[in-house]
Amino acid sequence: MNTQMNIRGTLAGLLAVSGLLAGTTTPAAAQPIQGMPVPELANFDTLMTGFMSANDIESALLGIMKDGVIVYQRGFGWKDKANTIPLRHDALMRIASCTKPITAAAIQRLIAANVIDDTDNVFNLGQPGGGILPIASFGPLADARYNQIQVQDLYTHTSGLPSNSNPDPTYQEVAIANAMGVASPPGRVNTMSWIMGNRALSNNPGAQRNYSNVGFLAAGLVIEQASGMSHNNYVRQNVFGPMDWTPVTEVVRGRTFPASRDPREPWYDDDSMVQNVFDPGGDSVRKPDGGWDHESRVGQGGYVVSTTALLHLAEMYYISDQQNASTDYGTLVNGNRQYRWHNGSMPGGTMSMLVQRADGINYAVIFNKNGNDVNSADPNNPTGYHFAIQSLIDTAIANGGFTWPTQGVDGQWVDFAGAFPGAGSFEVPWGAMSVALADSPDEATLNFQAGSTVWTGTINQKVRLRAPQGGVVRIGQL
């Protein structure tokens, strides 16, 4: 796109929440709420702040999509432990096992492209027909049935590979490194090699479902081996790439240490001091900041994303196997919606929930804290719900009493009267179009706040322009 553009008009109806506008402060005891207020859905503001207060949670995101449009996207609480920086509406957060639907969709994209097949053997162990992964067992193979594991067994959790309570070897990094005589952390290939030499399968491949991080560790390796690309690059180009208005900046491979993380990512609430897997003989570290090798969890639980990315994922792909080993996990929804959900949790400050409803509503909620109080079943709604927040949100939707808005609220924000350069959030918008465009990758959405201006310039990328608060954006000859 190479378009000369003039923008003129008044964007009216600026909505505000007292104490939450740019340049103001919020009392320390209050939970700030960031992002464009949506009066029709204000009950979800109350729901989230109440749940966070009851569970002592300091940071959260909630995004809601209706009929393919993100109609609600807000950040709650604080980005930093000191409670000085509110969490912006488009923050990126660790999503733990909500990474698995991303990996499943990537596997299905490879199958649809005829690069791999559902029935291909995962491990190349000299069996007839070979296999995808040329990983040698560390020592004698612990179970001859490894050569029977097929691609479909990985994403349906029927491979027989170690379950998460077996215990989960992907959290035994120092012990595995010591056993293999390699530096800690050992990385994905070494971990898989050690498992093959030390863990027997729990069942014949394909026979029984047991949820397994190791299965998705192997699925991530299959993606890289079959595609010749990194997991993240393949996902960005082939899973999220076909989706309109999901910039690559919304899908990030997570990092172990705070200094390497995306600037939009918050702190994670777990002050447990543990062994640093990158320096086992050194000082202890906070569990979220070195208690495991986060980069090596890319296939099973390593992504850091915004609710924008999760909601578009749920709109396009089946996000779970419906807990019954269905092979449609990760395939295109194509309008045939069903109620499906996936959660994610990590012992060091992460809990996430992604729900794909049959009525055209998707929602994603992410917290910076994990614990039994957050993950416990709702005693008031014991039928079918495994997580209290899922029950609360579904109940609020079922009770109705509000009108669904139709205007999208996601994306970055521009206010020509705002401070220069700004930050692109609703509260601190970009103060200049040139800066906003420079920060915006292809498929970005720019929202204009209330005000009026004339801007003339050139846009050399695919970008969506809109005025969610009402008003006019004119493009072209005035």
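The values are calculated or read from the model by the stated rules, or taken from the named source; none is laboratory data. What you see is a predicted model; the values in this text were computed from it and never measured. Here Cβ is always computed from backbone atoms with ideal geometry, including for glycine, and neighbour counts include all displayed protein chains.
In the range 337-367, the qualifying residues are those that are crowded, with 22+ Cβ neighbours inside 10 Å and outside any strand (DSSP E or B), and the one that is modelled with the highest pLDDT is GLY349.
Only one residue in GLY206, GLY215, GLY241 is farther than 26 Å from ASP439 by Cβ and assigned to a loop (DSSP other than H, G, I, E, B). Which one?
Values: GLY215 fails: assigned to a loop (DSSP other than H, G, I, E, B); GLY241 fails: farther than 26 Å from ASP439 by Cβ.
Being farther than 26 Å from ASP439 by Cβ and assigned to a loop (DSSP other than H, G, I, E, B) holds for just one of GLY206, GLY215, GLY241, which is GLY206.
A Cβ distance below 6 Å, combined with a sequence gap of six or more or placement on separate chains, defines the contacts here; from the range 79-97, residues that are under 22 Å from PRO247 (Cα atoms) and in the same structural domain as VAL298 (by TED's automatic domain parsing) reach residues that are acidic (Asp, Glu) and not in a strand (DSSP E or B) in the pairs LEU92/ASP262; LEU92/GLU265. Within the range 402-424, residues that are polar (S, T, N, Q) sit with their Cβ atoms under 6 Å from residues that are in a loop (DSSP other than H, G, I, E, B), at 6+ positions apart or across chains, in these pairs: GLN407/PRO468; GLN412/GLY424. Summed over the range 157-172, residues that are closer than 15 Å to ALA200 by Cβ, surrounded by 22 or more Cβ atoms within 10 Å (Cβ to Cβ) and not aliphatic (A, V, I, L, M) total 3.
If PHE387 satisfies all but one of (1) assigned by TED's automatic domain parsing to the domain that holds HIS89; (2) without any contact (Cβ under 8 Å) to a residue 24 or more places away in the chain, what's the number of the condition it fails? All conditions pass for PHE387, except number (2). Each residue in the range 137-171 was checked for being in a loop (DSSP other than H, G, I, E, B), free of Cβ contacts under 8 Å to residues at least 24 places away in the same chain and more than 24 Å from the chain's Cα centre (by Cα), and 1 of them qualify.
Tell me the residue from ASN380, ASN370 that is surrounded by 20 or more Cβ atoms within 10 Å (Cβ to Cβ), at pLDDT below 95 and either hydrophobic (A, V, I, L, M, F, W, C) or not in a strand (DSSP E or B) (or both), please. On inspection, the qualifying residue turns out to be ASN370. Scanning the range 413-465 for residues that are closer than 23 Å to ASP244 by Cβ and hydroxyl-bearing (Ser, Thr, Tyr) turns up SER425, SER440, THR445, THR458. Looking at the range 82-103, is at least one residue in a helix (DSSP H, G or I), closer than 24 Å to ARG236 by Cα, in contact with a helix residue (DSSP H, G or I) (Cβ under 8 Å, 6 or more places away or on another chain) and among the aliphatic types (A, V, I, L, M)? Yes, there is a match, as at least one residue in the range 82-103 is in a helix (DSSP H, G or I), closer than 24 Å to ARG236 by Cα, in contact with a helix residue (DSSP H, G or I) (Cβ under 8 Å, 6 or more places away or on another chain) and among the aliphatic types (A, V, I, L, M).
Does THR249 satisfy being surrounded by 15 or more Cβ atoms within 10 Å (Cβ to Cβ), in a loop (DSSP other than H, G, I, E, B) and β-branched (Val, Ile, Thr)? Taking the combined requirement at face value, the residue does not satisfy it.
Residues to consider are GLY290, GLY282, GLY348, GLY335; find the one that is without any contact (Cβ under 8 Å) to a residue 12 or more places away in the chain and farther than 30 Å from PRO242 by Cα. Please lay out each step first, then the result.
Details: GLY290 fails: without any contact (Cβ under 8 Å) to a residue 12 or more places away in the chain; GLY348 fails: without any contact (Cβ under 8 Å) to a residue 12 or more places away in the chain; GLY335 fails: farther than 30 Å from PRO242 by Cα.
Among GLY290, GLY282, GLY348, GLY335, only GLY282 is without any contact (Cβ under 8 Å) to a residue 12 or more places away in the chain and farther than 30 Å from PRO242 by Cα.
Screening ASP45, ASP56 for residues that are out of contact with any Asp or Glu (no Cβ under 7 Å at 6 or more places or on another chain), modelled with pLDDT under 95 and acidic (Asp, Glu) leaves exactly one candidate, ASP56.
From the list ALA177, ALA200, ALA183, ALA142, which residue is surrounded by fewer than 18 Cβ atoms within 10 Å (Cβ to Cβ), farther than 22 Å from ASP120 by Cα, in the same structural domain as THR331 (by TED's automatic domain parsing) and at pLDDT 95 or above?
Working: ALA177 fails: surrounded by fewer than 18 Cβ atoms within 10 Å (Cβ to Cβ); ALA200 fails: farther than 22 Å from ASP120 by Cα; ALA142 fails: farther than 22 Å from ASP120 by Cα.
Step by step, each of ALA177, ALA200, ALA183, ALA142 is checked, and only ALA183 is surrounded by fewer than 18 Cβ atoms within 10 Å (Cβ to Cβ), farther than 22 Å from ASP120 by Cα, in the same structural domain as THR331 (by TED's automatic domain parsing) and at pLDDT 95 or above.
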